[in-house]
Amino acid sequence: AVRSSLVLTSLLLGVTAGLSACGGGDPDARVTATLHTGMCDWYGDQWLGVERVSVAVEYAPGSLPDRSLPTMVGSCSLETILFADEARFDNGAELPKVNGTPRWASVEESGSLTEEITGLWTGSKQFSGGCTTVADVAPDGFALEAAGDLDGITTPPPGSPGLVYIDGELEHDWTGVVQRGNPLPLSWDGAGWDETFVQIRQVNGGNVRQTLTCNTTGLSSFKVDNSVWGQLDDVGAEAIEVYVGFQNVRVVKQKGETVEAITRIAHSIETDE
């Protein structure tokens, strides 16, 4: 069976009130907030709804993993790891001055963060009904609370959710199959984003085995053809997922910490075996 779902993945980290965006040095920390979405259909009226939000905080001064896109537009890389849950997280450090349980919060929603391994904190929240809008969940982004030196950092608001088309059809109308070797013509529109990417994920048992990420910044279409499929190894994947993503990237300073700010939306086409 084929399931076409729209996943809005947002990795967000922003500035506290009164701080100005500024760079300087390699990042010490990164915050990831992911909005998982699906198409809602209410008597024929369709819109992008949020099913779940998940948040991750990475803290590893001097050794924070690089999650930037491949340098050249149109190029792809197996080395690019955009999501913290796709690989090991090494060399993490304890968040400075944490007292109690760190939390994330938006205007309408909030949740706690649990330390999975030193320096990596995660949390998630599932929404009943699954049709809350992006604007309702996080119109102004997310903030960290009780997070020590990162306390009060607020994410920027997300840009347009955008629309993704597969071979000319809207994603939720597409009835094709995501299969290795099959051509997959993708196109999109979305305002308010610095970068875009296409990512192919080979999955086994719900775990990502291999990921190929392509930089499509400045483009509005990209074809996954044999030249792209050929860059993937045969890892015996049970399923293949394809993401079309939009993201903004900022670097800010707070209490001597350099923090990377990324807002990301990823539309996902998945095949269920």
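The values are calculated or read from the model by the stated rules, or taken from the named source; none is laboratory data. Everything quoted here is computed from the prediction, not taken from an experiment. Note: ideal-geometry Cβ built from the backbone for every residue, glycine included; neighbour counts use all protein chains shown. Surface areas here come from the heavy atoms of the whole protein model, side chains and all, with no ligands, DNA or RNA. Shrake-Rupley method; radii C 1.70, N 1.55, O 1.52, S 1.80 Å.
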Of the conditions (1) out of contact with any Pro (no Cβ under 7 Å at 6 or more places or on another chain); (2) surrounded by 15 or more Cβ atoms within 10 Å (Cβ to Cβ), the single one that residue 80 does not satisfy is (1)
Options 212, 186; residue that is touching a helix residue (DSSP H, G or I) at 6+ places or on another chain (Cβ under 8 Å) and in a strand (DSSP E or B): 212
If we keep only residues of region 127-158 that are among the acidic types (Asp, Glu) and in a loop (DSSP other than H, G, I, E, B), then the residue modelled with the lowest pLDDT is 140
Please verify whether region 83-105 includes one or more residues that are out of contact with any Ser or Thr (no Cβ under 7 Å at 6 or more places or on another chain), under 17 Å from residue 264 (Cα atoms) and in contact (Cβ under 8 Å) with a residue 24 or more places away in the chain. yes
What number of residues in region 94-113 are among the hydrophobic types (A, V, I, L, M, F, W, C) and surrounded by fewer than 18 Cβ atoms within 10 Å (Cβ to Cβ)? 2
Just checking, which of 86, 51, 58 is open to solvent by 30 Å² or more (accessible area, probe 1.4 Å) and charged (D, E, K, R)? 51
Please identify the pairs in which a residue from region 256-273 that is open to solvent by 10 Å² or more (accessible area, probe 1.4 Å) and in a loop (DSSP other than H, G, I, E, B) has its Cβ atom under 6 Å from the Cβ atom of a residue that is modelled with pLDDT of 80 or more and of a type outside the set (Gly, Ala, Ser), counting only partners at least 6 apart or on another chain. 273/238
Considering residues that are open to solvent by less than 30 Å² (accessible area, probe 1.4 Å) and not in a helix (DSSP H, G or I), the number found within region 159-173 is 4
I'd like to know if region 200-216 contains one or more residues that are open to solvent by 10 Å² or more (accessible area, probe 1.4 Å) and within 25 Å of residue 139 (Cα to Cα). no
Condition (residue is more than 19 Å from the chain's Cα centre (by Cα) and open to solvent by 20 Å² or more (accessible area, probe 1.4 Å)) applied to region 132-141: is it met by at least one residue? no
